[in-house]
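See below for the structure under consideration.
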Amino acid sequence: MAAKLRKGDKVVVLAGKDKGKQGEIASVDPKAGKAVVDGVNMAVRHTRQSQNAQGGRIPKAMPIQLSNLALLDKNGKATRVGFREEDGKKVRFAKTTGETV
């Protein structure tokens, strides 16, 4: 099945403690059905100081379920994603506006 949400997409959170927050997808794990979104679902990780990095309490974005995310259209509203063929290629489009993503 084709990926409705991909790395680099601007999304909004639909459910959970971060409902309404917006961000960009940093990575997607299709097998687990999760994605990491910048600034969303933050957790504090305690890290030891090393030669390369400062130690302490480092905030880290944790994975969030793909079903709790929706793509943002050009108007900044949540939209569902559809697929259609244009010039022999399968492309994603926003259901609200009808324009390709």
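Of the numbered criteria (1) under 16 Å from the mean Cα position of the chain (by Cα); (2) open to solvent by 50 Å² or more (accessible area, probe 1.4 Å); (3) not hydrophobic (A, V, I, L, M, F, W, C), the one GLU86 fails is (1). Would you say LYS21 is in contact with a strand residue (DSSP E or B) (Cβ under 7 Å, 6 or more places away or on another chain), of a type in the set (Lys, Arg) and under 12 Å from LEU5 (Cβ atoms)? Judged against the criteria, LYS21 is not a match. A single member of LEU72, LEU5 is touching a helix residue (DSSP H, G or I) at 6+ places or on another chain (Cβ under 7 Å), among the aliphatic types (A, V, I, L, M) and either surrounded by 18 or more Cβ atoms within 10 Å (Cβ to Cβ) or under 22 Å from THR97 (Cβ atoms) (or both), and it is LEU5. Pairs are defined by a Cβ separation below 7 Å, a sequence spacing of at least 6 or placement on different chains, a first member in the range 7-33 that is farther than 17 Å from SER67 by Cβ, and a second member that is at pLDDT 95 or above and of a type in the set (S, T, N, Q); the pairs so defined are LYS7/SER27; LYS10/GLN22.
Consider the range 41-56 and keep the residues that are under 19 Å from ASP18 (Cβ atoms) and either of a type in the set (D, E, K, R) or part of a loop (DSSP other than H, G, I, E, B) (or both). The one that is least open to solvent (accessible area, probe 1.4 Å) is ASN41.
The values are calculated or read from the model by the stated rules, or taken from the named source; none is laboratory data. Quick caveat: nothing in here was measured; it's all calculated off a predicted structure. Glycine gets a Cβ as well: all are built from the backbone with ideal geometry, and neighbour counts include every protein chain shown. Heads up: the accessible areas ignore ligands, DNA and RNA and are worked out on the full protein's heavy atoms, side chains in. Shrake-Rupley method; radii C 1.70, N 1.55, O 1.52, S 1.80 Å.
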